[in-house]
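Chemist: One structure follows; several queries about it will come next.
The values are calculated or read from the model by the stated rules, or taken from the named source; none is laboratory data. What you are looking at is a predicted structure, and each value in this text was computed from that prediction instead of being measured. Note that we place each Cβ from the backbone using ideal geometry, even for glycine, and neighbour counts take in every protein chain shown. What goes into the accessible areas is simple: the full protein's heavy atoms, side chains included, and nothing from ligands, DNA or RNA. Shrake-Rupley method; radii C 1.70, N 1.55, O 1.52, S 1.80 Å.
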Amino acid sequence: RGGHLYISCDPLFLEILRKKVEPAFHRLHPELTLVFTEQDQAQTLEALGNSSADLGVFLSTARAHPLLKCDVLALTEMVYCFAPAHRPAGWQPGGPLPQDFTPQPQLLSAQGSTLRREQDLLFANVFSASPVAACEAAPSILRQLADLGIADSILPLNLVDRSQHYRCAAFDPPKPLYLLLGTHVGRALPSVTKELAQLIRSALTDALELPQ
(Lines give C-alpha, C1' and ligand atoms only; values in the text may rest on other atoms or scores of the structure.)
Protein backbone atom coordinates (compact mmCIF):
# COMPACT_ATOMS: atom_id res chain seq x y z
CA ARG A 1 0.00 0.00 0.00
CA GLY A 2 3.06 2.22 -0.10
CA GLY A 3 2.71 3.69 3.38
CA HIS A 4 -0.94 4.63 3.14
CA LEU A 5 -4.02 3.75 5.19
CA TYR A 6 -7.39 4.44 3.60
CA ILE A 7 -10.39 5.58 5.65
CA SER A 8 -13.94 5.97 4.34
CA CYS A 9 -15.86 8.42 6.53
CA ASP A 10 -19.35 9.87 6.83
CA PRO A 11 -19.26 13.59 5.94
CA LEU A 12 -20.55 14.53 9.42
CA PHE A 13 -17.36 13.29 11.09
CA LEU A 14 -14.62 13.93 8.54
CA GLU A 15 -13.57 17.28 10.01
CA ILE A 16 -13.16 15.76 13.48
CA LEU A 17 -10.91 13.00 12.12
CA ARG A 18 -8.79 15.47 10.17
CA LYS A 19 -8.34 17.75 13.17
CA LYS A 20 -7.86 15.18 15.91
CA VAL A 21 -6.85 11.83 14.44
CA GLU A 22 -4.62 12.78 11.52
CA PRO A 23 -2.06 14.88 13.45
CA ALA A 24 -1.99 12.45 16.40
CA PHE A 25 -1.38 9.47 14.11
CA HIS A 26 1.27 11.38 12.17
CA ARG A 27 3.19 12.02 15.39
CA LEU A 28 3.18 8.27 16.10
CA HIS A 29 3.89 7.13 12.54
CA PRO A 30 5.27 9.95 10.36
CA GLU A 31 6.15 7.41 7.67
CA LEU A 32 2.48 6.63 7.04
CA THR A 33 -0.17 8.77 5.34
CA LEU A 34 -3.86 8.68 6.12
CA VAL A 35 -6.11 9.06 3.09
CA PHE A 36 -9.67 10.11 3.97
CA THR A 37 -12.59 9.75 1.58
CA GLU A 38 -15.94 11.39 2.33
CA GLN A 39 -18.60 8.76 1.66
CA ASP A 40 -22.10 7.86 2.77
CA GLN A 41 -23.04 4.54 4.34
CA ALA A 42 -23.62 2.65 1.09
CA GLN A 43 -20.33 3.87 -0.38
CA THR A 44 -18.44 2.99 2.79
CA LEU A 45 -19.85 -0.54 2.85
CA GLU A 46 -18.87 -0.96 -0.78
CA ALA A 47 -15.37 0.42 -0.14
CA LEU A 48 -14.82 -1.97 2.76
CA GLY A 49 -16.09 -4.85 0.64
CA ASN A 50 -13.84 -4.18 -2.34
CA SER A 51 -10.80 -3.29 -0.19
CA SER A 52 -10.54 0.32 -1.38
CA ALA A 53 -10.89 1.33 2.29
CA ASP A 54 -9.08 -0.16 5.28
CA LEU A 55 -11.45 1.30 7.85
CA GLY A 56 -14.91 2.79 7.61
CA VAL A 57 -16.66 5.28 9.89
CA PHE A 58 -20.39 5.34 9.18
CA LEU A 59 -23.88 5.77 10.61
CA SER A 60 -26.35 2.90 10.60
CA THR A 61 -29.56 1.80 12.28
CA ALA A 62 -28.17 -1.75 12.11
CA ARG A 63 -25.59 -2.81 14.71
CA ALA A 64 -24.09 -5.57 12.53
CA HIS A 65 -23.27 -5.86 8.83
CA PRO A 66 -22.33 -9.03 6.91
CA LEU A 67 -18.59 -9.73 6.57
CA LEU A 68 -17.67 -6.72 8.70
CA LYS A 69 -16.35 -6.36 12.21
CA CYS A 70 -18.21 -3.32 13.56
CA ASP A 71 -17.34 -1.52 16.79
CA VAL A 72 -19.86 0.94 18.22
CA LEU A 73 -18.25 4.36 18.61
CA ALA A 74 -21.37 6.21 19.72
CA LEU A 75 -25.11 5.71 19.93
CA THR A 76 -28.20 7.89 19.68
CA GLU A 77 -31.86 7.33 18.82
CA MET A 78 -34.06 8.30 15.88
CA VAL A 79 -37.14 10.23 17.02
CA TYR A 80 -40.16 11.90 15.48
CA CYS A 81 -40.04 15.64 16.14
CA PHE A 82 -43.40 17.38 15.86
CA ALA A 83 -43.72 20.96 14.71
CA PRO A 84 -45.53 22.80 17.57
CA ALA A 85 -48.74 23.04 15.55
CA HIS A 86 -48.70 19.32 14.74
CA ARG A 87 -48.47 17.80 18.22
CA PRO A 88 -51.21 15.15 18.47
CA ALA A 89 -54.09 15.88 20.81
CA GLY A 90 -53.58 14.06 24.09
CA TRP A 91 -49.93 13.20 23.43
CA GLN A 92 -47.68 13.86 26.42
CA PRO A 93 -43.97 14.74 26.20
CA GLY A 94 -41.87 11.64 26.65
CA GLY A 95 -44.57 9.40 25.21
CA PRO A 96 -44.19 7.16 22.16
CA LEU A 97 -45.40 8.13 18.71
CA PRO A 98 -49.17 7.46 18.59
CA GLN A 99 -50.04 4.48 16.42
CA ASP A 100 -52.79 6.36 14.60
CA PHE A 101 -50.67 9.45 13.92
CA THR A 102 -50.88 10.89 10.39
CA PRO A 103 -47.48 12.29 9.38
CA GLN A 104 -47.05 15.80 8.03
CA PRO A 105 -44.61 17.06 5.35
CA GLN A 106 -41.07 16.49 6.53
CA LEU A 107 -37.74 18.22 6.99
CA LEU A 108 -35.45 15.88 5.05
CA SER A 109 -31.73 15.54 4.59
CA ALA A 110 -30.37 15.90 1.06
CA GLN A 111 -30.92 13.05 -1.37
CA GLY A 112 -28.06 10.54 -1.33
CA SER A 113 -27.05 11.20 2.28
CA THR A 114 -26.99 8.48 4.93
CA LEU A 115 -29.45 10.42 7.08
CA ARG A 116 -31.90 10.72 4.18
CA ARG A 117 -31.66 6.98 3.55
CA GLU A 118 -32.49 6.27 7.19
CA GLN A 119 -35.30 8.85 7.18
CA ASP A 120 -36.87 7.29 4.09
CA LEU A 121 -36.55 3.72 5.39
CA LEU A 122 -37.93 4.54 8.83
CA PHE A 123 -40.80 6.58 7.40
CA ALA A 124 -41.73 3.73 5.06
CA ASN A 125 -41.52 1.14 7.85
CA VAL A 126 -43.69 3.14 10.24
CA PHE A 127 -46.16 4.81 7.89
CA SER A 128 -46.05 2.49 4.81
CA ALA A 129 -45.48 5.49 2.55
CA SER A 130 -42.79 7.81 1.25
CA PRO A 131 -42.32 11.14 3.02
CA VAL A 132 -43.52 14.39 1.50
CA ALA A 133 -40.74 16.97 1.67
CA ALA A 134 -41.36 20.32 3.33
CA CYS A 135 -37.67 21.10 2.88
CA GLU A 136 -34.43 19.30 1.96
CA ALA A 137 -31.19 20.52 3.50
CA ALA A 138 -27.89 19.57 5.12
CA PRO A 139 -28.05 18.25 8.72
CA SER A 140 -26.75 21.52 10.16
CA ILE A 141 -29.63 23.41 8.53
CA LEU A 142 -32.15 20.71 9.49
CA ARG A 143 -31.10 21.15 13.12
CA GLN A 144 -31.92 24.85 13.00
CA LEU A 145 -35.22 24.33 11.18
CA ALA A 146 -36.29 21.56 13.56
CA ASP A 147 -35.44 23.69 16.58
CA LEU A 148 -37.56 26.50 15.10
CA GLY A 149 -40.45 24.07 14.59
CA ILE A 150 -40.77 24.81 10.87
CA ALA A 151 -42.08 21.32 10.05
CA ASP A 152 -42.13 17.74 11.34
CA SER A 153 -39.01 15.62 11.01
CA ILE A 154 -37.44 12.26 11.79
CA LEU A 155 -34.01 13.03 13.23
CA PRO A 156 -31.32 11.66 15.52
CA LEU A 157 -32.10 12.94 19.00
CA ASN A 158 -28.65 14.51 19.29
CA LEU A 159 -29.48 16.87 16.41
CA VAL A 160 -32.39 18.38 18.35
CA ASP A 161 -31.71 21.01 20.99
CA ARG A 162 -32.51 19.83 24.53
CA SER A 163 -35.05 22.63 24.91
CA GLN A 164 -37.07 21.08 22.08
CA HIS A 165 -37.07 17.47 23.30
CA TYR A 166 -40.59 17.96 24.65
CA ARG A 167 -41.70 17.79 20.98
CA CYS A 168 -39.88 14.52 20.27
CA ALA A 169 -41.62 11.15 20.32
CA ALA A 170 -39.76 7.86 20.49
CA PHE A 171 -40.65 5.07 18.11
CA ASP A 172 -42.00 1.82 19.51
CA PRO A 173 -39.84 -0.21 19.44
CA PRO A 174 -37.00 2.33 19.73
CA LYS A 175 -34.89 3.01 16.63
CA PRO A 176 -31.22 3.26 17.60
CA LEU A 177 -28.69 4.98 15.35
CA TYR A 178 -25.13 3.72 15.66
CA LEU A 179 -21.87 5.37 14.72
CA LEU A 180 -19.73 2.41 13.68
CA LEU A 181 -16.08 1.73 12.98
CA GLY A 182 -15.94 -1.12 10.48
CA THR A 183 -13.25 -3.37 9.01
CA HIS A 184 -13.59 -6.37 6.73
CA VAL A 185 -13.22 -9.69 8.56
CA GLY A 186 -11.24 -11.12 5.65
CA ARG A 187 -8.66 -8.33 5.49
CA ALA A 188 -5.23 -8.65 7.10
CA LEU A 189 -4.43 -5.09 8.22
CA PRO A 190 -1.10 -3.79 9.54
CA SER A 191 -0.62 -3.76 13.31
CA VAL A 192 -0.64 0.05 13.40
CA THR A 193 -4.30 -0.08 12.42
CA LYS A 194 -5.11 -0.90 16.04
CA GLU A 195 -3.51 2.37 17.14
CA LEU A 196 -5.41 4.24 14.44
CA ALA A 197 -8.68 2.63 15.52
CA GLN A 198 -8.08 3.69 19.13
CA LEU A 199 -7.44 7.28 18.06
CA ILE A 200 -10.69 7.24 16.09
CA ARG A 201 -12.59 5.85 19.09
CA SER A 202 -11.21 8.57 21.35
CA ALA A 203 -12.05 11.32 18.86
CA LEU A 204 -15.62 10.19 18.21
CA THR A 205 -16.73 8.73 21.54
CA ASP A 206 -18.96 11.77 22.23
CA ALA A 207 -19.83 12.55 18.60
CA LEU A 208 -23.52 11.75 19.15
CA GLU A 209 -23.84 13.30 22.59
CA LEU A 210 -26.90 15.43 23.23
CA PRO A 211 -26.30 19.17 22.80
CA GLN A 212 -25.85 21.12 26.01
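Chemist: Any chance you could check the Cα centroid distance between segment 1-56 and segment 68-111 for me, in angstrom?
Modeler: Measuring centre to centre over Cα atoms gives 31 Å.
Chemist: Given 78, 148, 5, which one lies farthest toward the positive end of the charge dipole of the chain, if we put +1 on the Cβ of every Lys and Arg and -1 on the Cβ of every Asp and Glu?
Modeler: 5
Chemist: Using R₀ = 41 Å, calculate the FRET efficiency as 1/(1 + (r/R₀)^6) where r is the Cβ-Cβ separation of residue 42 and residue 166; round to 0.05.
Modeler: For residue 42 and residue 166, the calculated efficiency is 0.75.
Chemist: For segment 40-119, build the convex hull from the C-alpha positions and give me its volume per residue in Å³.
Modeler: In segment 40-119, the Cα convex hull volume per residue is 128 Å³.
Chemist: Compare 142, 121, 45 in a GNM of the chain, Cα atoms joined below 10 Å, and give the one with the largest fluctuation.
Modeler: 121
Chemist: Still on this structure: Using a cut-off of 11 Å between beta-carbons, work out the net charge of the residues near residue 118 (Lys and Arg +1, Asp and Glu -1, residue 118 not included).
Modeler: Spelling it out: positives minus negatives among the neighbours equals +1.
Chemist: Sticking with this structure for a sec: Given a 1.4 Å probe and the protein chains all in place, what does the accessible area of residue 159 round to, in Å² to the nearest 10?
Modeler: Probe radius 1.4 Å; accessible area of residue 159 about 20 Å².
Chemist: I need the per residue convex hull volume for segment 72-112, using only the alpha carbons, in cubic angstrom as a whole number.
Modeler: Enclosed volume per residue, from the Cα hull, is 141 Å³.
Chemist: Under a 10 Å cutoff between Cα atoms, tell me which one of 100, 172, 54 has the largest fluctuation in the Gaussian network model of the chain.
Modeler: Highest fluctuation among the options: 100.
Chemist: Per residue, what volume in Å³ does the Cα convex hull of segment 96-195 take up?
Modeler: Spread over its residues, the Cα hull of segment 96-195 gives 150 Å³ apiece.
Chemist: Per the Cauchy relation, a quarter of the hull surface: what is the mean projected area of the convex hull of the alpha carbons in segment 1-78, in nm²?
Modeler: Computing the convex hull of the Cα atoms and averaging its projections yields 5.6 nm².
Chemist: Keeping all protein chains in the complex and leaving out DNA, RNA and ligands, what accessible area do you get for residue 36 with a 1.4 Å probe, in Å² to the nearest 10?
Modeler: 20 Å²
Chemist: Counting DSSP beta bridges with both partners in the chain, what percentage is antiparallel, nearest 5?
Modeler: 60 percent
Chemist: Oh, and also: To the nearest 20 Debye, how big is the dipole of segment 37-86 about its Cα centre, given +1 on the beta carbon of each Lys and Arg and -1 on that of each Asp and Glu?
Modeler: 180 debye
Chemist: Report, to two decimal places, the Cα Rg of the chain normalised by 2.2 N^0.38 Å (N = number of residues).
Modeler: 1.11
Chemist: Now a separate question. Ordering 87, 27, 187, 167 by how much accessible area each has at a 1.4 Å probe, largest first, what is the list?
Modeler: Putting 87, 27, 187, 167 in descending order of accessible area: 27, 87, 187, 167.
Chemist: For residue 205 and residue 4 in one chain, what is 0.36 nm times their gap in residues minus the Cα-Cα distance, to one decimal in nm?
Modeler: 69.9 nm
Chemist: Here is a further query. Could you order 80, 166 so the one with the most accessible surface comes first? Probe is 1.4 Å.
Modeler: Ranked from most to least accessible, the order is 166, 80.
Chemist: Could I ask something else about it? Excluding ligands and nucleic acids, what accessible area in Å² is computed for residue 69 using a 1.4 Å probe, to the nearest 10?
Modeler: 110 Å²
Chemist: Residue 137 to residue 194: extension gain in nm, 0.36 nm per residue of separation minus the Cα-Cα distance?
Modeler: 16.9 nm
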